[in-house]
Amino acid sequence: MKLDKEEIVRKFKKSFFWLFVMSVFLVAMMLPDGKKEVAITGHMAPITPELEKKFELFREFEQRRKEARSLAFELAQEMIGVIKSAGQALEVAFSNPDSKYWDEKAEVRKMDEVWDRIVANWGDQIKTESKRYGVDWKQVVAIICKESEGNPEAVNTVDQGAFGLMQLRMATVQSLLPGVTKEDLFDPALNIHLGVMRLAKAKELMSSEAEAILAYHFGETGARREMAAKGQPAEQSDDWLFITAIIKVANS
């Protein structure tokens, strides 16, 4: 079918109109803030505030969409790293016969029962002494779990000997309360009192909670020597990790 001249002119005008509208839109999008004006019918007509607001919302939407895509990519990379790390840990736990993974899990879980027994027998005194010296009573219970498993008559003859619930050495208690004997340390009340006092002193001398726990076990000088020898902070020490694990299990 052959189009007449008027039909061709009409279609051309219609196409030109939509091309003009799209051009106006694109120009307006590229103009800087405060200069949103477009050439319409031979004079400059300012864009209305309502239209300007729509332009800004559109730009904000586009920017947020770009940021969301970037964030999704970063999250995906991090999740891949987490999955790989978990896979490696499981591989070690299941395939390496020398791994102590399950032994350590079982030991920490066993402390759950020990925790309950210690709190039932001496919880009130532990909380009172901890409040007096400004320490975390849960850390005190965890230390007792680790050091003696709640046995008030526990004796460790290695490394100059340690006695009682909180496994205190004679040299340590003599500096805290002169005149105390080894037999005195088998009294749970006195042992807890001196043990909490010792922990509070370690917290004053060390720079973090983890370092204080390490100092409780090795002494301040010994704790610094231990960190230097292993080249790792106290937060990675067996003492700190085990005690925080005991607290986590007991609270679960």
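The values are calculated or read from the model by the stated rules, or taken from the named source; none is laboratory data. Computed from a prediction, not measured in an experiment: that's the story for all the values here. Virtual Cβ from ideal backbone geometry, glycine too; neighbours counted across all protein chains shown.
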inquiry  = I want to confirm something. Restricting to the stretch 148-174 and keeping residues that are touching a helix residue (DSSP H, G or I) at 6+ places or on another chain (Cβ under 9 Å) and more than 27 Å from residue 110 (Cβ to Cβ), which single residue is surrounded by the most Cβ atoms within 10 Å (Cβ to Cβ)?
reply    = 173
message = Among (1) of a type outside the set (Val, Ile, Thr); (2) over 22 Å from residue 127 (Cα atoms); (3) out of contact with any helix residue (DSSP H, G or I) (no Cβ under 7 Å at 6 or more places or on another chain), there is one condition residue 234 misses while meeting the rest; what is its number?
response = (3)
request  = Kindly check whether there is at least one residue in the stretch 158-170 that is touching a Ser or Thr at 6+ places or on another chain (Cβ under 6 Å) and closer than 16 Å to residue 214 by Cβ.
outcome  = yes
query = What is the residue count in the stretch 193-211 for residues that are within 22 Å of the chain's Cα centre (by Cα) and buried (at least 22 other Cβ atoms within 10 Å of the Cβ)?
reply = 1
key: Within the stretch 68-124, considering residues that are among the acidic types (Asp, Glu), modelled with pLDDT under 65 and in a helix (DSSP H, G or I), the one surrounded by the most Cβ atoms within 10 Å (Cβ to Cβ)   = 104
query = Of all residues in the stretch 140-192, which are part of a loop (DSSP other than H, G, I, E, B), among the basic types (Lys, Arg) and within 35 Å of the chain's Cα centre (by Cα)?
reply = 169
message = Conditions first: (1) loosely packed, with under 13 Cβ neighbours inside 10 Å; (2) at pLDDT 95 or above. Residue 179 passes all but one, so which condition is the exception?
response = (2)
key: Filtered residues of the stretch 132-153 (kept if small (Gly, Ala, Ser) and at negative phi)   = 142, 148
query = Quick one: is residue 214 under 21 Å from residue 122 (Cα atoms), part of a helix (DSSP H, G or I) and modelled with pLDDT of 90 or more?
reply = no
inquiry  = When you check residue 195 against the structure, is it part of a loop (DSSP other than H, G, I, E, B), touching a residue at least 12 places away in the same chain (Cβ under 8 Å) and not polar (S, T, N, Q), yes or no?
reply    = no
message = Quick check on the stretch 229-243: of everything there that is within 20 Å of residue 204 (Cα to Cα) and either touching a residue at least 40 places away in the same chain (Cβ under 8 Å) or over 19 Å from the mean Cα position of the chain (by Cα) (or both), which residue is surrounded by the fewest Cβ atoms within 10 Å (Cβ to Cβ)?
response = 239
